[in-house]
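These notes concern the structure reproduced below.
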Amino acid sequence: MCIRDRFSFVSSGYANPKHSGDYLRYKGLVEEYLKSLNFNKLVILRPSFLIGDRVDNRIGEKIGILIFKILSPIFIGPLKKMKPIQANIVAKAMLNISKNDLTKNTFESNEIVDLSKI
């Protein structure tokens, strides 16, 4: 398989091409477009709020991350995918996914955490 036949994309939790909010709608549209390109291996990672060093200062995002960090202990079951996630964990998962032949191609935030450990 040629390296050009593989593509990994960091999208966003709840990405949806029909979402009313621009950010999640655009992420969903990009996902759909990438699927139409028929890569031999397409991986879509959908992390929740990304935690890590940033160049730009987004106050709304900082507030959201703080709120989600406080609420994280009650995010259990299907809500686990809403927990904020470290950017380096997403990177580790991306590397592990590329090294393993997984049949699934879209991973939610809680699955990304698990995949960073394999």
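The values are calculated or read from the model by the stated rules, or taken from the named source; none is laboratory data. Since the model is a prediction, treat every value here as computed from it, not as a measurement. So basically every Cβ, Gly included, is an ideal-geometry build from the backbone, and we count neighbours across all protein chains shown. Note: accessible area is taken over every heavy atom of the protein model, side chains too, but ligands, DNA and RNA are not part of it. Shrake-Rupley method; radii C 1.70, N 1.55, O 1.52, S 1.80 Å.
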Quickly run through the range 82-118 and pick out the residues that are open to solvent by 60 Å² or more (accessible area, probe 1.4 Å), of a type in the set (D, E, K, R) and either in a helix (DSSP H, G or I) or at pLDDT 95 or above (or both). 92, 99, 114
Just to be sure, is residue 45 among the hydrophobic types (A, V, I, L, M, F, W, C), more than 15 Å from residue 113 (Cα to Cα) and at pLDDT 95 or above? no
Of the residues that make up the range 62-81, is at least one surrounded by 14 or more Cβ atoms within 10 Å (Cβ to Cβ), within 13 Å of the chain's Cα centre (by Cα) and part of a loop (DSSP other than H, G, I, E, B)? no
Candidates 18, 27 - the one that is under 24 Å from residue 116 (Cβ atoms) and either open to solvent by less than 50 Å² (accessible area, probe 1.4 Å) or not polar (S, T, N, Q) (or both): 27
What number of residues within the range 15-57 satisfy the criterion of being hydroxyl-bearing (Ser, Thr, Tyr) and touching a residue at least 12 places away in the same chain (Cβ under 8 Å)? 1
Being open to solvent by 70 Å² or more (accessible area, probe 1.4 Å), in a loop (DSSP other than H, G, I, E, B) and within 19 Å of residue 101 (Cα to Cα) is the filter here, so list the residues in the range 30-42 that pass it. 38, 40
